[in-house]
Amino acid sequence: QIYDYANERYEVPVPLNLPKSPESTVESRLYDVTVQNKPFGIQVRRRSTGTVIWDSQLPTFTFSDMFIQISTRLASQYVYGFGETEHTMFRRDMNWQTWGMFTRDQPPGYKLNSYGFQPFYMGLEGDGNAHGVLLLNSNAMDVTFQPTPALTYRTTGGILDFYMVLGPTPELVVQEYTALVGRPVMPPYWALGFQLCRYGYENDTEIAKLVEDMKAARIPYDVQYADIDYMERQLDFTLSPRFTGLPALIKKIQEEGMRFILILDPAISGNETDYPAFTRGLEKDVFIKWPNSTDIIYAKVWPDLPNVEVNDTLDWETQVELYRAYVAFPDFFRNSTAEWWTREITEVYTNPHNASKSLKFDGLWIDMNEPASFVHGAVGGCRNQQLNFPPYVPQLGSRSEGLIFKTLCMEGQQYLPDGSRVSHYDVHNLYGWSQTKPTLDALQNITKERGIVVTRSTYPSSGKWSGHWLGDNTAAWNQLDKSIIGMMEFSHFGISYTGADICGFFGDSEYELCARWMVLGAFYPYSRNHNGKGAKRQDPVAWNSTFEEISRKVLNIRYSLLPYLYTLMYEANAHGSTVVRPLLHE
């Protein structure tokens, strides 16, 4: 740790599994540490080989309030990790490439910081030994790779809190890293089955027909989803009049051995006259507010205003301005928020007021939890220029917008479980992380089963509670190999249950692309065909009998391998082994 002993600074409130005292004696240690002066630096040497795996004695070291920089020479140019960003290669390009990290609602794209925040890398040494390095910091950050080879970190707050694991094999690096941050979650067996979803189902009849068509085509399929279409005006914990048959449909498919997963977003509408989720949230004081104020910070996301007719032909900005409700964001660090969230989810499952409307879900899918907003900062703008446009804005995909591009104002006031106040500026990248455990706890409490949670935004240790899909990809050929890179990276990050949207989320998938993607996707740990509103159907029964035959054949291969895949998932959960495994781990 490098911190300011004279001034207490924000530190990441993510617990790690650390021994209470050193487990080794000086004689038996695997490494030697040297602190150097003029310039200041720290050197870490692997004792068995003499290889220097960390050497920060470089003149770039800076420690100020909103800008901290540290560089290190690397043992080789073979470096893997840092996310979440779409990468064209599994190994990082060391030729002066800079990658920003800051969670945001950003579909995969080159050099665009995306949904998760993963400041971990694995490095190889000249003799093939491997080590891993975590910087436990949650402020907006970027990293620059240099051909020396070297690496420079720049972060905008907190402290420098490094953890190293010494392998010495790549597979052992992941096992040791997940021992530190937490082992990957053990999914239920059914969650390894093939899954179908889309944003844009018209009604429950469309889903019911899809289920019957898949059965008639004898295509293996275990899990069906509903995206935000099932909600009334995209309000969490409600049921649309177009989906009144959904409770009965869920009951029917569960009786036939299938499972059902619902989506939930964090943003809660504040524009309703009768909306218990918001009213009870106010009572429990769960929403993020302006600092030293009782006023909630309002943004806009999916919920529509009541009593308006939405015109989909208008441009997006106009739709947001005219039709979207003001929404509040729960602060999931607070114990009161976890209690409130559990109650609202429980009411969806049991519906004490009308049992015929209860939705007996088996898993939950949490989206938009970067947190995402359709306005920059807040309705009416932000108030603290320095936090929203800090002196150094990392190399993010939207630097001109500071840190508030499609998210909350950084001065939003949040409360850690111990009651201490912290600004959204420091904990923004932990928003999805803070929502994930309360969601899994609620799910398991309600269903009394293992269940599965799939989250969009992640931070180190998110894998303890959830899986992750690689986000809103596009129906394009170059997305197939990139999905493999993304899954291998999340293997390193301790999230085993991963996969990309098969056939692509944005755009129309063409026949040949979708057929080949079904074949590849049959080997994703998380195997789900999902696409976006307005795109043409791409599920296995949307094409022709040849496509159905391809899907049936490859999914039967997948299902014949499920005992093996389930065993790998168990090994990941028990020992931290990888499931999607790069060849270099063998």
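The values are calculated or read from the model by the stated rules, or taken from the named source; none is laboratory data. Remember, it's a predicted structure, so these values are computed and weren't measured experimentally. Quick reminder, even Gly has a Cβ in these numbers, built from the backbone with ideal geometry, and neighbours come from all protein chains shown. Protein only, heavy atoms only, side chains kept; ligands, DNA and RNA dropped before computing areas. Shrake-Rupley method; radii C 1.70, N 1.55, O 1.52, S 1.80 Å.
Observations on the model:
- Check on GLY363, more than 22 Å from GLN118 (Cα to Cα), more than 23 Å from the chain's Cα centre (by Cα) and at pLDDT 95 or above: no
- In the stretch 447-459, the count of residues that are in a loop (DSSP other than H, G, I, E, B), open to solvent by 10 Å² or more (accessible area, probe 1.4 Å), free of Cβ contacts under 8 Å to residues at least 40 places away in the same chain and on the phi > 0 side of the Ramachandran plot is one or more.
- Each residue in the stretch 55-68 was checked for being closer than 24 Å to ASN95 by Cα, open to solvent by 10 Å² or more (accessible area, probe 1.4 Å) and part of a loop (DSSP other than H, G, I, E, B), and 6 of them qualify.
- When GLU317 is tested against the conditions (1) of a type outside the set (Ser, Thr, Tyr); (2) without any contact (Cβ under 8 Å) to a residue 24 or more places away in the chain; (3) in contact with a helix residue (DSSP H, G or I) (Cβ under 6 Å, 6 or more places away or on another chain); (4) under 23 Å from ASN271 (Cα atoms), the lone failure is (3).
- Among (1) closer than 30 Å to LEU408 by Cβ; (2) open to solvent by 40 Å² or more (accessible area, probe 1.4 Å); (3) of a type in the set (D, E, K, R); (4) in contact (Cβ under 8 Å) with a residue 24 or more places away in the chain - the single one ASP105 does not satisfy: (2)
- For the stretch 16-54, the candidate set comprises residues that are part of a strand (DSSP E or B) and closer than 18 Å to ARG154 by Cβ; within that set, the residue that is most open to solvent (accessible area, probe 1.4 Å) is ILE42.
- Test for ASP441: is it part of a loop (DSSP other than H, G, I, E, B), at pLDDT 95 or above and open to solvent by 10 Å² or more (accessible area, probe 1.4 Å): no
- Number of residues in the stretch 231-245 that are within 26 Å of the chain's Cα centre (by Cα), free of Cβ contacts under 8 Å to residues at least 60 places away in the same chain and buried (at least 20 other Cβ atoms within 10 Å of the Cβ) equals 1.
- Test result for ALA248, closer than 30 Å to LEU196 by Cβ, surrounded by fewer than 16 Cβ atoms within 10 Å (Cβ to Cβ) and among the aliphatic types (A, V, I, L, M): yes
- The condition (being without any contact (Cβ under 8 Å) to a residue 12 or more places away in the chain, open to solvent by 20 Å² or more (accessible area, probe 1.4 Å) and assigned to a loop (DSSP other than H, G, I, E, B)) is satisfied by just one residue among ALA476, ALA542: ALA542.
- Selection within the stretch 108-144: residues that are buried (at least 18 other Cβ atoms within 10 Å of the Cβ) and of a type in the set (Gly, Ala, Ser). The member of this set that is nearest to LEU180 (Cα to Cα) is GLY132.
- Flag not set for ASP312, criterion: open to solvent by 40 Å² or more (accessible area, probe 1.4 Å), in a loop (DSSP other than H, G, I, E, B) and under 24 Å from PRO352 (Cα atoms).
- The set of residues in the stretch 388-432 that are at negative phi and more than 24 Å from the chain's Cα centre (by Cα) comprises PHE389, PRO390, PRO391, TYR392, SER400, ASP418, SER420, ARG421.
- Residues within the stretch 545-563 that are surrounded by fewer than 16 Cβ atoms within 10 Å (Cβ to Cβ) and either within 26 Å of PRO107 (Cα to Cα) or of a type in the set (S, T, N, Q) (or both), tallied: 4
- Considering residues of the stretch 99-143 that are within 19 Å of ARG456 (Cα to Cα) and of a type in the set (Phe, Trp, Tyr) only, the residue modelled with the lowest pLDDT: TYR110
- Among the strands (runs of 3 or more DSSP E) confined to the stretch 324-435, the ones with at least 1 residues that are of a type in the set (Gly, Ala, Ser) and surrounded by 23 or more Cβ atoms within 10 Å (Cβ to Cβ) are located at 363-366.
- Residues located in the stretch 144-193, provided they are within 26 Å of ARG399 (Cβ to Cβ) and of a type in the set (Phe, Trp, Tyr): PHE145, TYR153
- Filtered by the rule that a residue be within 22 Å of GLU206 (Cβ to Cβ), part of a loop (DSSP other than H, G, I, E, B) and open to solvent by 40 Å² or more (accessible area, probe 1.4 Å), the stretch 251-279 gives GLU256, GLY257.
- Residue within the stretch 481-490 that is closer than 13 Å to MET186 by Cα and touching a Gly at 6+ places or on another chain (Cβ under 9 Å) present: no
- Test result for SER71, at pLDDT 95 or above, open to solvent by less than 40 Å² (accessible area, probe 1.4 Å) and assigned to a strand (DSSP E or B): yes
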